[in-house]
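The values are calculated or read from the model by the stated rules, or taken from the named source; none is laboratory data. Since the model is a prediction, treat every value here as computed from it, not as a measurement. Don't worry about glycine lacking a Cβ; one is built from the backbone with ideal geometry, like all the others, and counts go over all protein chains shown. Side chains are part of the model used for accessible areas, which takes the heavy atoms of the whole protein and leaves out ligands, DNA and RNA. Shrake-Rupley method; radii C 1.70, N 1.55, O 1.52, S 1.80 Å.
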Amino acid sequence: PGSYAVYGVYASSLTDAWAIGDLGLLLRYDGQAWTAPAISAPNTNYTLFNVWGNAPDDVWAVGSSGNIRHFDGQTWSASPSGTTNALYNVWGANPSSVYAVGSLGTFLRYNGNAWSAVTGSGTVTNSDLRSVWGSSDTSVWAVGAFPTAIVSYNGTSLTLNGQSNVVTTGAHYGIHGVNASNIMAVGNVGQCPSGGMT
């Protein structure tokens with residue numbers, strides 16, 4: 001319904017999917033049709049950029065101005081993020097370990113009760129982080145915009161990873177993998193160095 005931009009989708013099955021987007025858009029698909037769900041404290045002054053779920057009754061959406069929304073199987077409600085920076089992506093290892101990344105190097109972790117900032121030694125990066133994925137709670141990776149940022153979380157702190165094997169003047173916008181040693185990142189205006197890119 002409506003003519004809004006849609007930025008993210010998550011599906012737990014063929015009869016349970018969510019789409020999110022402009023003006024706080026939240027739509028649910030039941031296998032037959034898309035409908036707007038109940039939202040506690042609705043607010044259309046923000047955009048939702050991505051959505052991820054651990055189960056049909058544990059779904060997270062993140063967006064502009066630090067907005068985070070959580071679906072508990074009945075309704076969507078606000079979850080205080082502690083930041084006003086835009087959040088572009090969300091992923092979780094389990095219900096008690098969910099990660100959100102965003103502008104100016106924002107890297108947040110949800111521990112089952114509240115969101116908090118994850119830090120490293122000094123300022124890890126000021127680049128916008130656009131995507132996050134992990135193989136476990138101790139191997140989480142995020143990639144970002146120019147100057148190209150690749151950061152990792154080992155369960156304790158963030159580290160900016162060396163990129164001597166990456167030749168690019170652009171940005172990374174997506175990351176996903178099969179396991180801790182087989183991960184791919186994609187972006188724009190880049191090229192592979194001789195011998196290929198890891």
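Over region 68-151, accessible surface divided per residue gives 39 Å², non-protein components excluded, 1.4 Å probe.
Amide H contacts of GLY187: TYR173, each under 5 Å away and 5 or more positions distant or on a separate chain (H built 1.01 Å from N in the peptide plane; Pro and chain starts excluded). Sorting ASP22, ASP30 on solvent-accessible area from highest to lowest, probe radius 1.4 Å, gives ASP30, ASP22. Near the amide H of HIS176, within less than 5 Å, lie the amide hydrogens of MET184, all on another chain or at least 5 residues away, with H placed in the peptide plane. Spin-label model, TRP34/ASP137: points 7 Å from Cα along the beta carbon direction are separated by 3.5 nm. D by Stokes-Einstein for region 1-110, Kirkwood Rh over Cα pairs, 37 °C, 0.692 mPa s: 239 µm²/s.
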